[in-house]
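Presented below is the structure to which this report refers.
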Amino acid sequence: MSTFSLPPPMQIRASDEQLDEFPDISAYQSIPGKTIDSRKLSSFLRTKFGAGAYDVHIMQDSYCILAPRKLSLDEIARCRRR
């Protein structure tokens, strides 16, 4: 009678180089999207930080922004819908 055995589970570990590709989630700034004008936000980020120096994702009706620094309340207010 033969026995069936499963191979050991694979161990996956990201290298330090791979980990550097993904920014820390705490580096993102989340702004509720329902009051933000996406064109104003895009224009502001491009003007303030330059093209390619920031990243924006929309998750659960919020803008998740990764930029060289967090936006101030005044800067966020400039991007609001009127």
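Bear in mind these aren't lab numbers, they're just calculated from the coordinates by the rules spelled out. In this text the structure is predicted, and so the values were computed from the model without any measurement. Cβ: placed from backbone, ideal geometry, glycine included. Neighbour counts: every protein chain shown.
This ranking places Ser30, Ser72 by how few other beta-carbon atoms lie within 10 Å of each, fewest first, which gives Ser72, Ser30. Between Phe49 and Ser30, the contour length at 0.36 nm per residue exceeds the alpha carbon distance by 5.1 nm. For the stretch 27-78, what class follows from the C-alpha gyration tensor (a ≥ b ≥ c being the square roots of its eigenvalues): rounded when a/c is under 1.5, otherwise prolate if a/b is larger than b/c, else oblate? Taking the square roots of the gyration eigenvalues as a ≥ b ≥ c, the stretch 27-78 is rounded. Taking amide H as placed 1.01 Å from N in the peptide plane, Tyr28 has no amide H partner under 5 Å among residues 5 or more places away or on another chain. For the stretch 54-62, backbone phi angles converted through the Karplus equation (6.51, -1.76, 1.60; θ = phi - 60°) give residue-by-residue couplings of 9, 9, 10, 10, 10, 9, 6, 6, 10 Hz, Gly and Pro being listed as x.
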